[in-house]
Amino acid sequence: MRGPSGRIARFGRRVHPGRNPLARAGDRVEALLLLLAIAGAILAIPFAAAFGSETYAAQTTRAAEERATRHPATAVSLEAASGQPYSTDGAGAPAAQTSVPAAWFDTRGTRHTGEVLADPGSPAGTRVSVWLDQRGELAAEPLSPSTSAADGVFAAILLWSAITGALVGLYATVRFIVTRFHAAAWDRAWSQARHDSRF
């Protein structure tokens, strides 16, 4: 039988050979391992979800700490940024930002200098939005709630994929060994049958 129903039927026979007299011991071992792999993939879902939830909670705590210790500020570039404002590949898309020396003041009025990212070709005196830590030094933008949620989902998917991939790899390895064993047994039986037919 062809089509989805035929594939489902073949999969059912592979998972549960039952009392089929044609089913070999290797087929039953393969069926048992396939069932264990499917069950393992299903049981891994709550563990992966818990891991993703823990990752989300940790990232949320980190984001709150960063928002409490960092604040936005404005830096002023001291030199013109090199490069072209648009890429030269013909697409017309803005080119990647480039680093440029800039100066800014912290909450105490102390002047700081450093390298910030600015659009290519921007002139000196361009105002650039930056984030500062409690010392007035440059810092990365705090994690957003969406980033924390995405990290949690990604962690859960990654863990589940790793577990499922390991189970699939184990099943594929055992199936390969069983297939080779069956092929060797078939070759021996065929050779014996040819030998017997000569007498």
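Could you list, in sequence order, all residues of segment 120-147 that are surrounded by 14 or more Cβ atoms within 10 Å (Cβ to Cβ), out of contact with any strand residue (DSSP E or B) (no Cβ under 7 Å at 6 or more places or on another chain) and within 17 Å of residue 100 (Cβ to Cβ)?
Once the filter is applied, which keeps residues that are surrounded by 14 or more Cβ atoms within 10 Å (Cβ to Cβ), out of contact with any strand residue (DSSP E or B) (no Cβ under 7 Å at 6 or more places or on another chain) and within 17 Å of residue 100 (Cβ to Cβ), segment 120-147 yields only 121.
Being of a type in the set (Gly, Ala, Ser) and in a loop (DSSP other than H, G, I, E, B) is the filter; apply it to segment 111-167 and report the residue that is nearest to the chain's Cα centre (by Cα).
In this case the residue turns out to be 144.
Kindly indicate whether any position in segment 48-58 is farther than 23 Å from residue 131 by Cα, among the polar types (S, T, N, Q) and either at pLDDT 95 or above or assigned to a helix (DSSP H, G or I) (or both).
Within segment 48-58, one or more residues are farther than 23 Å from residue 131 by Cα, among the polar types (S, T, N, Q) and either at pLDDT 95 or above or assigned to a helix (DSSP H, G or I) (or both).
In segment 49-68, what residues are in contact with a Leu (Cβ under 7 Å, 6 or more places away or on another chain) and either buried (at least 16 other Cβ atoms within 10 Å of the Cβ) or hydroxyl-bearing (Ser, Thr, Tyr) (or both)?
51, 59, 63, 66
Tell me which residues, restricted to segment 72-114, are of a type in the set (Ser, Thr, Tyr) and modelled with pLDDT under 80.
86, 87, 88, listed by residue number.
Of the numbered conditions (1) over 16 Å from residue 152 (Cα atoms); (2) touching a Gly at 6+ places or on another chain (Cβ under 8 Å), residue 38 satisfies every one except a single condition; which is it?
Here residue 38 meets the rest and fails (2).
Looking only at segment 39-48, count how many residues are loosely packed, with under 14 Cβ neighbours inside 10 Å and under 17 Å from residue 170 (Cα atoms).
3
The values are calculated or read from the model by the stated rules, or taken from the named source; none is laboratory data. On a predicted model such as this, the values are computed, not experimentally measured, just so you know. Quick reminder, even Gly has a Cβ in these numbers, built from the backbone with ideal geometry, and neighbours come from all protein chains shown.
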